[in-house]
Each structure stands twice: as C-alpha cells, then as structure tokens.
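Here's the structure we're looking at; comments come further down.
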Amino acid sequence: MEDAIKITKLDYVRLNGIISSIKQIDKEESKEIIFLKAELTRAKKIDSRRIGTEFVTMNSVIEIVDLDTDKTLTVKLVYPKDADFKKGNVSILSPLGSALLGYKLGSVISFEVPVGIKKMRISNILYQPEANGEYTT
C-alpha cells in the first residue's frame with residue numbers, strides 16, 4: 001500500500017493550473033505530467049495553516065538519502081520556472097520532484113530514472129514555507 005500523501009489546497013490549485021497550461025501548449029501528456037496528476041488525485045488536500053511540518057510542500061528544502069549509494073542530497077522543490085538542478089532546485093515536473101510532493105519525513109520515495117527505479121528516503125525537512133507562516137507565496 002502506498003503512503004498517504006498530503007498537500008496544501010493552494011499547492012493543489014497552483015499545480016493543476018500548471019498542468020492545464022501545459023496541456024494547452026502540448027496535447028500529448030508526458031510521463032511526468034501523468035504521474036503528477038495521479039499524485040494530485042490521490043493526495044489528501046489540507047489547508048495551508050493545518051498541514052503538518054513533517055510534510056513536503058512546494059518550496060520546501062529537503063535532505064534526501066539515496067538508498068543505493070547512501071549519499072545525502074539537499075534539494076528545494078520548486079515550480080518549473082525556478083528549476084536549476086545545479087543550485088539544488090528540483091522542478092515539480094521532474095520524476096524526483098513529483099515523487100517528493102506530499103510525503104513526510106522518514107518516507108521512502110521511488111521514481112523512474114533511465115536505468116530503472118531509484119529509491120530515496122526523506123531524512124530531513126530543513127525548511128517548509130507553511131511551518132514559517134508563509135501560506136500564499
């Protein structure tokens with residue numbers, strides 16, 4: 001059984017808007033869009049003021065551990081316009097980004113990479129906007 005994921009209602013609305021915009025430009029849905037849509041559909045939608053601090057929301061800064069190499073990576077989950085992997089900014093439209101959204105501290109996430117399935121554990125949430133009283137940015 002998959003872990004229950006929780007996202008803010010605001011993230012849900014914004015991400016569905018991005019998906020709608022992409023669909024207007026490109027009628028063919030990518031694997032990443034299909035995966036993100038599925039995650040959004042199954043997620044429990046929570047008011048931004050009520051989401052627990054242990055959940056990954058948009059613009060969260062997260063430490064993840066690659067379960068194959070035991071290496072730790074720090075990433076920020078961002079909207080596509082802010083993506084820059086060299087700076088650690090991972091797009092929600094990437095396989096890793098879509099896999100992170102809504103999971104909580106300690107969860108093991110898995111996502112597709114060219115050579116198969118990658119598994120990572122969320123080891124720390126260094127920053128979550130909602131935990132800092134940022135509900136609309």
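Can you tell me which residue in the stretch 4-20 is most open to solvent (accessible area, probe 1.4 Å), limited to those that are over 21 Å from Pro95 (Cβ atoms) and in contact (Cβ under 8 Å) with a residue 24 or more places away in the chain? In this case the residue turns out to be Lys9.
Within the stretch 89-106, being open to solvent by less than 10 Å² (accessible area, probe 1.4 Å), of a type in the set (Gly, Ala, Ser) and under 18 Å from Thr72 (Cα atoms) holds for Gly97, Ala99. Going by the conditions given, is Ile25 touching a residue at least 12 places away in the same chain (Cβ under 8 Å), among the hydrophobic types (A, V, I, L, M, F, W, C) and at negative phi? The answer is no for Ile25. List the pairs whose first member sits in the stretch 61-83 and is modelled with pLDDT under 95, whose second member is open to solvent by less than 50 Å² (accessible area, probe 1.4 Å) and among the charged types (D, E, K, R), and whose Cβ atoms are under 8 Å apart, counting only residues at least 6 apart or on separate chains? Every condition considered, the pairs that remain are Asp68/Lys118. Restricted to the stretch 1-110, the set of strands (runs of 3 or more DSSP E) holding at least 1 residues that are in contact with a helix residue (DSSP H, G or I) (Cβ under 6 Å, 6 or more places away or on another chain) comprises 44-46, 72-78, 89-91.
Taking the options Lys45, Lys23, name whichever one is more than 15 Å from Ser91 (Cα to Cα), out of contact with any Leu (no Cβ under 9 Å at 6 or more places or on another chain), open to solvent by less than 70 Å² (accessible area, probe 1.4 Å) and not small (Gly, Ala, Ser).
Numbers: Lys23 fails: open to solvent by less than 70 Å² (accessible area, probe 1.4 Å).
Of the residues listed, the single one that is more than 15 Å from Ser91 (Cα to Cα), out of contact with any Leu (no Cβ under 9 Å at 6 or more places or on another chain), open to solvent by less than 70 Å² (accessible area, probe 1.4 Å) and not small (Gly, Ala, Ser) is Lys45.
Evaluation of Ile117 against the conditions (1) surrounded by 14 or more Cβ atoms within 10 Å (Cβ to Cβ); (2) over 24 Å from Ala131 (Cα atoms); (3) touching a Ser or Thr at 6+ places or on another chain (Cβ under 7 Å) shows that the sole unmet condition is (1).
Go through the residues of the stretch 22-34 one by one and say whether even a single one is under 26 Å from Lys87 (Cβ atoms), of a type outside the set (Lys, Arg) and touching a strand residue (DSSP E or B) at 6+ places or on another chain (Cβ under 6 Å). No: the stretch 22-34 contains no residue that is under 26 Å from Lys87 (Cβ atoms), of a type outside the set (Lys, Arg) and touching a strand residue (DSSP E or B) at 6+ places or on another chain (Cβ under 6 Å).
The values are calculated or read from the model by the stated rules, or taken from the named source; none is laboratory data. All figures in this text were calculated on a predicted structure; none of them were measured in a lab. Here the Cβ is made from the backbone with ideal geometry for all residues, glycine too, and neighbour counts use every protein chain on show. Quick note on the areas: whole protein, heavy atoms, side chains included, nothing else; ligands and nucleic acids left out. Shrake-Rupley method; radii C 1.70, N 1.55, O 1.52, S 1.80 Å.
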